[in-house]
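To start, the structure under review is shown below, and the notes come after it.
The values are calculated or read from the model by the stated rules, or taken from the named source; none is laboratory data. Since the structure is predicted, the reported quantities are computational estimates derived from the model, not experimental observations. Here the Cβ is made from the backbone with ideal geometry for all residues, glycine too, and neighbour counts use every protein chain on show.
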Amino acid sequence: MTPESVMTLGRQGMEVMLMISAPLLIVTLVVGLIIGVFQAATQINDASLSFVPKLVAVIASLIIAGPWILTIMTDYMRRLLTDLPGLIG
């Protein structure tokens with residue numbers, strides 16, 4: 001295994017990780033921003049007010065983006081396992 005192939009595998013793994021986590025993180029960021037503005041405008045400081053909507057939004061985005069995330073992960077693992085004999089030997 002050459003250093004270039006190790007770096008390529010690491011880069012591809014990081015790209016897949018960023019791709020599958022991006023939808024959930026973006027939804028959480030947007031919902032948190034909206035709730036933060038609402039809390040600042042109304043001066044309501046309740047921890048459950050920010051936690052529950054974020055949880056609901058993440059679950060909804062996971063339901064919506066779940067098939068896409070699963071496809072990305074399966075394609076990556078299929079490529080990795082298919083190329084593994086060539087990488088080792």
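Some points to look at:
- Of all residues in the stretch 65-83, those that are touching a residue at least 24 places away in the same chain (Cβ under 8 Å) and farther than 18 Å from residue 13 by Cα total 1.
- Applying the set (1) touching a residue at least 60 places away in the same chain (Cβ under 8 Å); (2) under 11 Å from the mean Cα position of the chain (by Cα) to residue 17 leaves exactly one unmet item: (1).
- Residue count for the stretch 32-59 satisfying the condition of being small (Gly, Ala, Ser) and touching a residue at least 24 places away in the same chain (Cβ under 8 Å): 1.
- Residue 45, sole failed condition from (1) in a helix (DSSP H, G or I); (2) at pLDDT below 90: (1)
Residues are listed down the side, and each one gets a yes or a no for (1) polar (S, T, N, Q); (2) within 14 Å of the chain's Cα centre (by Cα):
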position	(1), (2)
7	no, no
25	no, yes
34	no, no
37	no, no
48	yes, no
61	yes, yes
72	no, yes
89	no, no
